[in-house]
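The values are calculated or read from the model by the stated rules, or taken from the named source; none is laboratory data. Everything quoted here is computed from the prediction, not taken from an experiment. Cβ: placed from backbone, ideal geometry, glycine included. Neighbour counts: every protein chain shown. Accessible surface is based on the protein model in full, side chains and every heavy atom, while ligands, DNA and RNA are left aside. Shrake-Rupley method; radii C 1.70, N 1.55, O 1.52, S 1.80 Å.
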Amino acid sequence: VGHGQEAAQNLKKLFNGKDYFDYPKSVPLIERMFKLYTKGNDLILDFFSGSGSSAHALFNLNLLNSENRNFIQVQLPESTVESSQAYKDGYKTISDIGKERLRKAAQKIAEEHPEKAKDLDLGFKVFKLDTSNINAWDGTPDNLEKELFDSVTNIKDDRTEEDVLYEILLKYGLDLTLPIESKELAGKQVYSIGYGALFICLADN
């Protein structure tokens, strides 16, 4: 199932010879563990995602057995060292490297196994834990005028429609992996969730 040195070399090849991680986990070793202890539609949660080795292993295993294991990768926004090659190449956090690793791994699988890969889900969504997108009503008499004006546009200035959309999904208890399609109706952007199970319009007026 390989060893640490081989894992480092394979990751280096994926990043065109750039060395970003000293001790990445062995993808074949993780594949072997998943093969022994998971089934075709299981959901694997990795609380210490790092460079994304476990998700990479699941891509490979799904390809090998035409199965549909899914993953949730959790990684704190741990900063890369400013003097490191990763930081110089634009990867400011460990999770930035992990995301790019999964994109490259998926692309490699699609190029090397086009027939099998066309039936695989090689995509992923990225979510960042944050405060609500909505300015909460405070009601403190001292700030009443400001509160009233803030309520006119109660979405925080630095948030996008997509941010608000996913907050609505969370509050409704809907699966964040549901397919979302954007349509234009009467000049307004409308989101179709789950093939039309729910429609959301966040445009003004």
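For the chain, give the percent of accessible area contributed by carbon and sulfur heavy atoms, probe 1.4 Å, rounded to a whole number. Working shown, then result.
Working: 7320 of 13780 Å².
Answer for the chain is 53 percent, counting heavy atoms of protein chains only.
Counting only DSSP beta bridges with both residues in the chain, tell me the antiparallel percent, nearest 5.
75 percent
Starting from the stretch 1-77, pick out the chymotrypsin sites (Phe, Trp or Tyr not before Pro) whose DSSP state is loop and whose Cβ has at most 12 other Cβ atoms within 10 Å.
For chymotrypsin sites (Phe, Trp or Tyr not before Pro) across the stretch 1-77 that sit outside H, G, I, E and B with at most 12 neighbouring Cβ atoms in 10 Å, the list reads 47, 48.
Order 61, 148, most accessible first, counting only protein heavy atoms with a 1.4 angstrom probe.
148, 61
Using only alpha-carbon positions, what ratio does the radius of gyration of the stretch 14-100 give when scaled by 2.2 N^0.38 Å? Don't skip to the end; give the middle numbers.
On the way: Rg = 14.0 Å, N = 87, 2.2 N^0.38 = 12.0 Å.
Dividing the Cα radius of gyration by 2.2 N^0.38 Å gives 1.17.
Show 156, 39 ordered by accessible area, largest first, where the area counts protein heavy atoms only and the probe is 1.4 Å.
Sorted descending by solvent-accessible area, the residues read 39, 156.
For a test of understanding, tell me how many lysine pairs in the stretch 72-142 have Cα atoms under 14 Å apart, given they are 8 or more places apart or on different chains.
Summing the qualifying lysine pairs gives 4.
Treating the chain as a set of equal point scatterers at the Cα positions, no solvent, please give the Debye-formula log₁₀ I(q)/I(0) at q = 0.11, 0.13, 0.15, 0.19 Å⁻¹.
Summing over Cα pairs of the chain leads to -0.70, -0.89, -1.06, -1.35.
Could you work out how much longer the chain between residue 201 and residue 36 gets when fully extended? Use 0.36 nm per residue separation minus the Cα distance between them, nm to one decimal. Each step should come with its number before you reach the end.
Numbers: separation 165, 0.36 × 165 = 59.40 nm, distance 4.54 nm.
Using 0.36 nm per residue and subtracting the Cα-Cα distance, I get 54.9 nm.
Express the accessible area of the stretch 70-189 per residue in Å², computed with a 1.4 Å probe while the remaining protein chains stay in the model.
Per residue, the stretch 70-189 has 73 Å² of solvent-accessible surface.
Classify the stretch 75-140 as rounded, prolate or oblate from the Cα gyration tensor: take a ≥ b ≥ c as the square roots of its eigenvalues, call it rounded if a/c is under 1.5, otherwise prolate when a/b beats b/c and oblate if not.
Oblate is the answer for the stretch 75-140, as a/c is 1.5 or above yet b/c matches or exceeds a/b.
So how exposed is residue 109, as accessible area in Å² (1.4 Å probe, rounded to 10)?
Accessible area, nearest 10 Å²: 10 Å².
What FRET efficiency, computed as 1/(1 + (r/R0)^6) with R0 = 30 Å and r the Cβ-Cβ distance, is obtained for residue 137 and residue 87, rounded to the nearest 0.05?
So, using R0 = 30 Å, E works out to roughly 0.15.
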